[in-house]
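Asks: Shown below is the structure under consideration.
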Amino acid sequence: MVALETIVVRNDGILDANVGDETVLMSIENGQYYALTATSRAIWERLKEPVRVRDLCTDLADTYQTPLETVKTDTLEFLSYLETQKMIESRVG
């Protein structure tokens, strides 16, 4: 389960490509395609290297001038989805 102290990084088995204003992802493992836009795309970019979720949320709140609590809620939800789809790897920091 992804939490604020969890460290997350992309799963190496996910292919990605920028197509216009979207990032398209493909899971080699399950053959599924995903399209990311706006903030989800920005989160995916930040997951190239391992990052603590708390630090990711703070960075996103600063970048988008959005309340930190809103960012935490939305980011944890998105990362939890990515985790269920096996698109990220996580570990407790």
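The values are calculated or read from the model by the stated rules, or taken from the named source; none is laboratory data. The structure presented is a predicted model; accordingly, all values stated were derived computationally and were not measured. Heads up, the Cβs are rebuilt from the backbone with ideal geometry, glycines too, and the neighbour counts pull from every protein chain shown.
Asks: Looking at 45, 5, 22, 29 in this structure, which one is modelled with pLDDT under 90 and either over 15 Å from residue 71 (Cβ atoms) or among the polar types (S, T, N, Q) (or both)?
Replies: When all the criteria are applied, what remains is 29.
Asks: Output the residue which, of all residues in the stretch 51-83 that are outside any helix (DSSP H, G or I) and touching a residue at least 40 places away in the same chain (Cβ under 8 Å), is surrounded by the most Cβ atoms within 10 Å (Cβ to Cβ).
Replies: 51
Asks: Then there is this: Please state which one of 48, 86 is part of a loop (DSSP other than H, G, I, E, B), under 11 Å from the mean Cα position of the chain (by Cα) and within 26 Å of residue 19 (Cβ to Cβ).
Replies: Only one candidate passes the filter, namely 48.
Asks: Look at residue 2 and say whether it is part of a helix (DSSP H, G or I) and either surrounded by 15 or more Cβ atoms within 10 Å (Cβ to Cβ) or without any contact (Cβ under 8 Å) to a residue 60 or more places away in the chain (or both).
Replies: Considered against the rule, which asks whether it is part of a helix (DSSP H, G or I) and either surrounded by 15 or more Cβ atoms within 10 Å (Cβ to Cβ) or without any contact (Cβ under 8 Å) to a residue 60 or more places away in the chain (or both), residue 2 comes out as no.
Asks: When the residues of the stretch 23-50 are filtered to those that are of a type in the set (S, T, N, Q) and without any contact (Cβ under 8 Å) to a residue 24 or more places away in the chain, which remaining residue is surrounded by the most Cβ atoms within 10 Å (Cβ to Cβ)?
Replies: 23
Asks: In the stretch 10-45, which residues are more than 15 Å from residue 82 (Cβ to Cβ) and not in a loop (DSSP other than H, G, I, E, B)?
Replies: Listed by number, the residues that qualify are 17, 18, 19, 22, 38.
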